[in-house]
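As structure tokens, the structure follows; a few thoughts come after it.
The values are calculated or read from the model by the stated rules, or taken from the named source; none is laboratory data. Just so it is clear, the structure is predicted and the values come from calculations on it, not from any experiment. All Cβ positions, even for glycine, are placed from backbone atoms using ideal geometry, and neighbour counts span all protein chains on display.
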Amino acid sequence: MCVTAFAGVCAARRAKRERDQAKNEMGFQKAALSFTDFVGEWGEIEKELHSLVKETDIDRFLILRAWNGTLKPKWTTAVYQYREGSQEPRSYIHFELDDDYAFRLSQIISTGSLVFAVEEIPDSYVRQIYNAEGVKHSAWFFLSRKELETNKDCVAISYCSFATHSDEQLDENTLTRCRILVSRLKSLA
């Protein structure tokens with residue numbers, strides 16, 4: 001009888017934790033995925049982005065938010081996508097992260113950016129996604145980190161990805177232009 005009661009108490013606690021976590025995530029996503037801060041400057045940023053794509057090998061740009069986990073986020077969502085030509089936007093909503101993806105996020109949080117060739121990274125979700133889209137090179141940049149006021153364990157990490165389908169790696173001039181655009185995005189974040 002005691003074992004049954006104890007099991008019931010444990011199950012009730014687990015269910016309450018899961019409900020609380022779901023409620024916190026819903027509130028956090030609502031706050032974290034808002035673009036109201038971007039409205040004022042977005043036109044100029046988009047103009048710079050169009051120029052960058054027109055004048056360099058960059059042909060894919062995403063702004064993403066990863067959340068739920070102070071040290072290791074569990075999910076990411078693409079909140080903005082710009083793709084050149086006939087590329088179709090992909091539905092990256094609540095995409096679960098693997099260890100490699102989480103590690104890449106931790107790298108950009110600590111260093112600010114990460115540049116890589118897809119063929120040089122291990123088999124992972126990032127490599128699978130990029131191979132499916134034909135992306136050859138990418139540069140990720142950290143934008144911001146926000147905590148949910150009511151729960152410091154829920155954190156949203158905003159970051160962006162510049163990518164190319166070209167076999168040529170991203171040169172320093174292109175990366176500098178990306179950094180300038182990232183600086184402008186950070187000022188809004």
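Are any of the residues in segment 117-137 at positive phi, out of contact with any Ser or Thr (no Cβ under 6 Å at 6 or more places or on another chain) and not basic (Lys, Arg)?
Step one: list which residues in segment 117-137 are at positive phi, which gives 134.
Restricting the remaining residues to those that are out of contact with any Ser or Thr (no Cβ under 6 Å at 6 or more places or on another chain) gives 134.
Filter once more, so that each one left must be not basic (Lys, Arg): 134.
Among the residues of segment 117-137, at least one is at positive phi, out of contact with any Ser or Thr (no Cβ under 6 Å at 6 or more places or on another chain) and not basic (Lys, Arg), which makes the answer yes.
Quick one: in segment 66-118, which of the residues that are under 16 Å from GLN128 (Cα atoms) and within 12 Å of the chain's Cα centre (by Cα) is surrounded by the most Cβ atoms within 10 Å (Cβ to Cβ)?
THR76
Consider only pairs whose beta carbons are under 9 Å apart and that are at least six residues apart or on different chains; among these, list those whose first residue lies in segment 102-129 and is farther than 16 Å from VAL155 by Cα and whose second residue is in a loop (DSSP other than H, G, I, E, B) and of a type in the set (Phe, Trp, Tyr).
Close Cβ pairs satisfying both conditions: ILE129/TYR92.
Could you tell me whether segment 82-89 includes any residue that is at pLDDT below 90, of a type in the set (Ser, Thr, Tyr) and more than 26 Å from LYS146 (Cβ to Cβ)?
Taking every residue of segment 82-89 in turn, at least one turns out to be at pLDDT below 90, of a type in the set (Ser, Thr, Tyr) and more than 26 Å from LYS146 (Cβ to Cβ).
List every residue pair whose Cβ atoms sit under 8 Å apart, with the two residues 6 or more apart in sequence or on different chains, where the first one lies in segment 160-175 and is within 14 Å of ARG83 (Cα to Cα) and the second, anywhere, is in a strand (DSSP E or B) and among the charged types (D, E, K, R).
From segment 160-175, the pairs are SER161/ARG60; PHE162/ARG60; ALA163/ARG60; THR164/ARG60; HIS165/ARG60.
Is it the case that PHE61 is in contact (Cβ under 8 Å) with a residue 60 or more places away in the chain, surrounded by 16 or more Cβ atoms within 10 Å (Cβ to Cβ) and hydrophobic (A, V, I, L, M, F, W, C)? Before you say what the answer is, go through the steps one by one.
Working: in contact (Cβ under 8 Å) with a residue 60 or more places away in the chain: yes; surrounded by 16 or more Cβ atoms within 10 Å (Cβ to Cβ): yes; hydrophobic (A, V, I, L, M, F, W, C): yes.
Yes, satisfied.
Based on this model, can you work out whether GLU149 counts as acidic (Asp, Glu) and modelled with pLDDT under 95? Step through it out loud before you land on a result.
On the way: acidic (Asp, Glu): yes; modelled with pLDDT under 95: yes.
It is true that GLU149 is acidic (Asp, Glu) and modelled with pLDDT under 95.
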